[in-house]
Amino acid sequence: MMRSFNLFIGLIIALSLIVSRCGKNPEAEGDNAYAQGKYNQALTYYLKVKKEQPDNAKINEKLALTYMQRGLALYKLRKNLDAFQLNYEKSQEFLPSDTLSEHFKKEYSKLLYELALAYHNASPKNDIQKEKYFTLTLDYLQKALEYDSTNTQADAKLSEIRTVNFQKYFDKGKNFYLQARKDRRNANLYLNAEVYLLQAVRLNPNSEEAKNLLKKVRQKTITILDISNDLPLALAIGGQKYMDGNLALSITVFNNTVDTYSISPDRFTLFDKQGNAYQFAAEKTAKFSKGLTEPTTIDPKKEIAFVLVFPVSKKTALDRLIYETEDGIVVYKYFP
């Protein structure tokens, strides 16, 4: 009899534990796992809540922070920079579109600072990767300050990098510019000058000397096809015509790949210096004999020249023209 009673009590306790576990709040479980640094577990719980409450802005914030924390943890464990970057990109998918909480902005800013440091301290394999890491370091430090302007660590590191590197980049850009003026057969010298001067201006936006020299360089590079890209573009000399509040651009695109490439006019976007975006005007474009209104193909190692019309006036300060390929690659050309 006693044995049966003990078995009955055991079943009651087991059922109570099951009911207790089933009744737990998955968000609270996620918070507990997050606090313990168990970020995979936290993601499992938070994603469950997200599935049930897709518009829960607080869960979106928690998911974004957890992905960033997981990326940082993997980086610290194995110095895996790619894992950190991929988790950052994943976190971007959950950034709420509504107003962000102050807590989130401060925490996300700290994690962006860590991502910037990871790129700053990385050992690049070549010069191209070195420039990429340097640019990403600046990007993430600036993003960190955009989320939290009181992030003193990010502010101090950005100031340090700018002070140390500005003169180096400006001098390199100026030297390439001077070489380009002497050797007019080598257009790549202007392209190299633009790369370094653009970085110099980013490092010191208040340098009028750097900005003026960059403007001079871009008066040249706007007409040059950069064949280091798969799909370089350029604007023809004198290829800008304003009429009736619209701008007609004469554009050349070169297919630098071994495959036939499709070019679509609706993948071009024109930006002004205020960040406003403009798409091509199909009806206005159709009035030009070389107007491109439908997708067309370019054979390997061939180029195509065409006209696109954008609804911008002569008073608009233009910044850049970009083309985004179907696989997400963006090529661009800056205006002087």
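The values are calculated or read from the model by the stated rules, or taken from the named source; none is laboratory data. This is a predicted model, so every value here is computed, not measured. For neighbour counting, all protein chains shown are included, and Cβ atoms are generated from backbone atoms with ideal geometry for every residue, glycine included. Please note that ligands, DNA and RNA were not included when accessible areas were found on the heavy atoms of the full protein model with its side chains. Shrake-Rupley method; radii C 1.70, N 1.55, O 1.52, S 1.80 Å.
For the range 114-133, the tally of residues that are closer than 20 Å to residue 199 by Cα, open to solvent by 20 Å² or more (accessible area, probe 1.4 Å) and part of a helix (DSSP H, G or I) stands at 10.
Matching residues to (1) farther than 28 Å from residue 217 by Cβ; (2) in contact (Cβ under 8 Å) with a residue 40 or more places away in the chain; (3) open to solvent by 40 Å² or more (accessible area, probe 1.4 Å):
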| site | (1), (2), (3) |
| --- | --- |
| 249 | no, yes, no |
| 258 | yes, yes, yes |
| 266 | yes, no, yes |
| 329 | no, yes, yes |
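For the range 57-71, give me each residue that is of a type outside the set (Ser, Thr, Tyr) and more than 19 Å from the chain's Cα centre (by Cα). Within the range 57-71, 57, 58, 59, 60, 61, 62, 63, 69, 70 qualify.
Checked against (1) at pLDDT 95 or above; (2) open to solvent by 50 Å² or more (accessible area, probe 1.4 Å); (3) among the basic types (Lys, Arg); (4) more than 15 Å from residue 88 (Cβ to Cβ), residue 157 passes all but a single condition, namely (2). Consider the range 15-43 and keep the residues that are part of a helix (DSSP H, G or I), more than 20 Å from residue 95 (Cβ to Cβ) and at pLDDT 50 or above. The one that is nearest to the chain's Cα centre (by Cα) is 40. For the range 181-191, the count of residues that are assigned to a helix (DSSP H, G or I), in contact (Cβ under 8 Å) with a residue 40 or more places away in the chain and open to solvent by less than 90 Å² (accessible area, probe 1.4 Å) is zero. Applying the criterion of at least 3 residues that are within 26 Å of residue 215 (Cβ to Cβ) to the strands (runs of 3 or more DSSP E) found wholly in the range 264-329 leaves 268-272, 303-310, 318-324. Has the range 227-236 got at least one residue that is free of Cβ contacts under 8 Å to residues at least 60 places away in the same chain and closer than 30 Å to residue 166 by Cβ? The answer is yes; a qualifying residue exists.
Kindly indicate whether residue 88 is surrounded by 12 or more Cβ atoms within 10 Å (Cβ to Cβ), at pLDDT 95 or above and closer than 21 Å to residue 144 by Cβ. When the stated conditions are applied, residue 88 passes them. When only residues in the range 44-74 that are among the polar types (S, T, N, Q) and assigned to a helix (DSSP H, G or I) count, which is surrounded by the most Cβ atoms within 10 Å (Cβ to Cβ)? Only one residue tops the list, namely 66.
Each residue in the range 225-254 was checked for being in a loop (DSSP other than H, G, I, E, B) and out of contact with any strand residue (DSSP E or B) (no Cβ under 6 Å at 6 or more places or on another chain), and 6 of them qualify. Looking at 317, 282, just one residue is open to solvent by 20 Å² or more (accessible area, probe 1.4 Å), over 28 Å from the mean Cα position of the chain (by Cα) and not aromatic (Phe, Trp, Tyr), and that residue is 282. Residues considered: 164, 195. Of these, the only one that is of a type in the set (Val, Ile, Thr), open to solvent by 30 Å² or more (accessible area, probe 1.4 Å) and more than 30 Å from residue 328 (Cβ to Cβ) is 164. Just one of the listed residues (211, 143) is surrounded by 13 or more Cβ atoms within 10 Å (Cβ to Cβ) and closer than 30 Å to residue 106 by Cα, namely 143.
Residue 239 meets all of the listed conditions (1) within 28 Å of residue 180 (Cα to Cα); (2) open to solvent by less than 50 Å² (accessible area, probe 1.4 Å); (3) at pLDDT below 95; (4) out of contact with any Ser or Thr (no Cβ under 7 Å at 6 or more places or on another chain) but one, namely (4). The number of residues in the range 197-224 being β-branched (Val, Ile, Thr) and either in contact with a helix residue (DSSP H, G or I) (Cβ under 7 Å, 6 or more places away or on another chain) or part of a helix (DSSP H, G or I) (or both) comes to 4. Checked across the range 112-129, the condition of being within 30 Å of residue 50 (Cα to Cα) and of a type in the set (Lys, Arg) holds for no residue.
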